[in-house]
1. Hey, does the range 123-131 have a residue that's β-branched (Val, Ile, Thr), assigned to a loop (DSSP other than H, G, I, E, B), more than 17 Å from the chain's Cα centre (by Cα) and away from the ligand (no atom under 15 Å from the Cβ)?
2. Counting only residues that are within 16 Å of the ligand (Cβ to nearest atom) and crowded, with 21+ Cβ neighbours inside 10 Å, how many does the range 183-202 have?
3. Does the range 60-83 hold any residues that are within 16 Å of the ligand (Cβ to nearest atom), among the hydrophobic types (A, V, I, L, M, F, W, C) and outside any helix (DSSP H, G or I), and which are they?
4. What number goes with the only condition from (1) among the β-branched types (Val, Ile, Thr); (2) more than 22 Å from the chain's Cα centre (by Cα); (3) not in a loop (DSSP other than H, G, I, E, B) that residue 57 does not pass?
5. Take the residues of the range 46-91 that are among the polar types (S, T, N, Q) and closer than 18 Å to residue 196 by Cβ: which is surrounded by the most Cβ atoms within 10 Å (Cβ to Cβ)?
Amino acid sequence: MPTQNPVFIPGPTNVPDRLRHAMDMQTVDHRAPDFERQFVPLLQSLKSIFGTTSGEVFLFPSTGTGGWEAAVTNTLSPGDEVLAGRYGMFSHRWIELCRKQGLYVHAVQADWGDGVPVDEYERILAADTGHRIKAVLACHNETATGVTSDIAAVRRALDAAEHPAMLFVDGVSSIASMDFRMDDWGVDVAVTGSQKGLMLSPGLAIIAVSPQALEACHSSGCTRSYFDILAMRDANRAGSFPYTPPTGLIRGLRESMSMLSAEGLPRVFARHRRIAEGVRRAVGAWGLSLCAKRPELYSNTVSAIEVPRGFDSGVLVRHAYEHYGVSFGGGLGDVAGRVFRIGHLGDMTDVMALAGLAAAEMAMANLDYPIELGSGVVAAQQYYSATRNHWKQEVA
Ligand SMILES: *Cc1c(COP(=O)(O)O)cnc(C)c1O
C-alpha cells in the first residue's frame, strides 16, 4: 500500500527522513546541562540563515504568525504608527494583526502579483517629517502570489527619507531557501517558522532581532507575556528557556541546520532557483501565466499559476488531492479560485518537482484545461537535464 506522495504546498513542506528520525526521541530534560550545550550553539548557527552577525535569534513555540506578534508586541506601543503594504494574503494578515494590537497602520494597497510598493513607501516616509511611523513592514516572499520583493530597496527608501523607523520583514517562506541579508538590508526583526525552508513540522516561530529592536523592547507598551523577548533572552543567556521548550522541534532544527550547512547555503539557494525555473518553464509550456507580474518578482519557493478564465482553481486543487493524492496550494483571498500554487521549497529535488508537474497536468487534463499532457513536464525535463548537477547521495 503506497503511503504518501510529496506535498507541493508552500508549507508545511516535506519532512526528510533524517529530520523525522531526529524528532522521534525520548523525553529530554531541558534543565539538564546537555540541553544547554546543544541549544546555545543552535541559536548561534541560526544567524547564518538570517544573514546576521549583529542580531540575536529567538525561538518561540508557535508558528510564523506568532513570530509577527512577538515582533510587534515587543517593540511597539498601542497608538504607534506603522507602514505596511498589502499585496497578498500574508501581508494582509500582518496588517490585521497590527490593528488588533492597537497600532495605526498606513496600509498601502498594491496589486496582488506586485511586490512591496517601494515608491509609495518612500513618499510616505519622506512626508512623515515628525517620524511618527515607528516601523515599516514588508513581506519578503508573498506566498499567496509567488512574489519576492526587494527588501534592499525598502531599506534604500528608508535611508533616502532619512527615516529612523525600524524595518520588520516576514521571511517565513524565504528564509533558509533564498538569500536573506538581515544586516546588509538593515532589517530590525525578521521572522520565519519551522515548517517551510527548514523542512520541519510546524510549531516554532524563529525570529532574529537587531540591537536597535532589542533596545526598543525596553520601552514598548504592548502587552506580551509568553512572547516576551527580553525574558526569553535572559533565559537563553543562562542556556535555558523561560518555560518548557518544544525539545523535539529543537532537536529537529539542529539537524536541519546541519543538513543546510552540509549542502552549503549558496547551493541551497541555487537549488531552489533551479527547481523554480523548471516549474516556470512548465507553466510557460502550458500556456499559462504566473500571478507574479514581472520576472524580477518571481519567487523561487512558490509559483502561483493563473488558471484560464472560466476555471476554478479550487476545483483543480481538490481534484488533484482526491484523484492523485497530491496537495497543491489553492488561491487565497483576492485570488481565490483564480490561481493554484505549486510550492517548491525545502526538501525538493528535480524528480519530485517533475512528479508534481505531471500530477498537475493530469488533474488539469481531467478537468478539460486547454493544456497538452506532458508539455510542461518536457519543458522542465529539458531544463533540468541541461542544467543537471552530480547527484550526491547524502551520508548522514
Ligand atoms: C506560512 C507563512 C506565514 C505564517 O504562517 P503560519 O501558518 O503562522 O506559520 C507568514 N507569512 C508567510 C509569507 C508565509 O508563507
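1. Here is the first cut: in the range 123-131, the ones β-branched (Val, Ile, Thr) are 124, 129.
From the residues that got through so far, the ones that are assigned to a loop (DSSP other than H, G, I, E, B) too are 129.
Going one step further and asking which of them are more than 17 Å from the chain's Cα centre (by Cα), we end up with 129.
Subsequent filtering for residues that are away from the ligand (no atom under 15 Å from the Cβ) retains 129.
Within the range 123-131, one or more residues are β-branched (Val, Ile, Thr), assigned to a loop (DSSP other than H, G, I, E, B), more than 17 Å from the chain's Cα centre (by Cα) and away from the ligand (no atom under 15 Å from the Cβ).
2. Of all residues in the range 183-202, those within 16 Å of the ligand (Cβ to nearest atom) come to 187, 189-202.
Now drop any that are not crowded, with 21+ Cβ neighbours inside 10 Å, which leaves 187, 189-200.
Residues meeting the conditions: 13.
3. Initially, the range 60-83 is screened for residues within 16 Å of the ligand (Cβ to nearest atom), giving 60-73.
Still in the running and among the hydrophobic types (A, V, I, L, M, F, W, C): 60, 68, 70-72.
Matches in the range 60-83: 60 only.
4. The one condition residue 57 does not meet is (2).
5. Our first condition is that a residue be among the polar types (S, T, N, Q); within the range 46-91, this holds for 48, 52-54, 62-63, 65, 73-75, 77, 91.
Filter once more, keeping what is closer than 18 Å to residue 196 by Cβ: 48, 62-63, 65, 91.
Numbers: 48: 16, 62: 22, 63: 19, 65: 17, 91: 27.
The qualifying residue surrounded by the most Cβ atoms within 10 Å (Cβ to Cβ) is 91.
Each value in this text was obtained by applying a stated rule to the coordinates, not by laboratory testing. The structure presented is a predicted model; accordingly, all values stated were derived computationally and were not measured. Cβ coordinates were reconstructed from backbone atoms using ideal geometry, including for glycine residues, and neighbour counts include every protein chain displayed.
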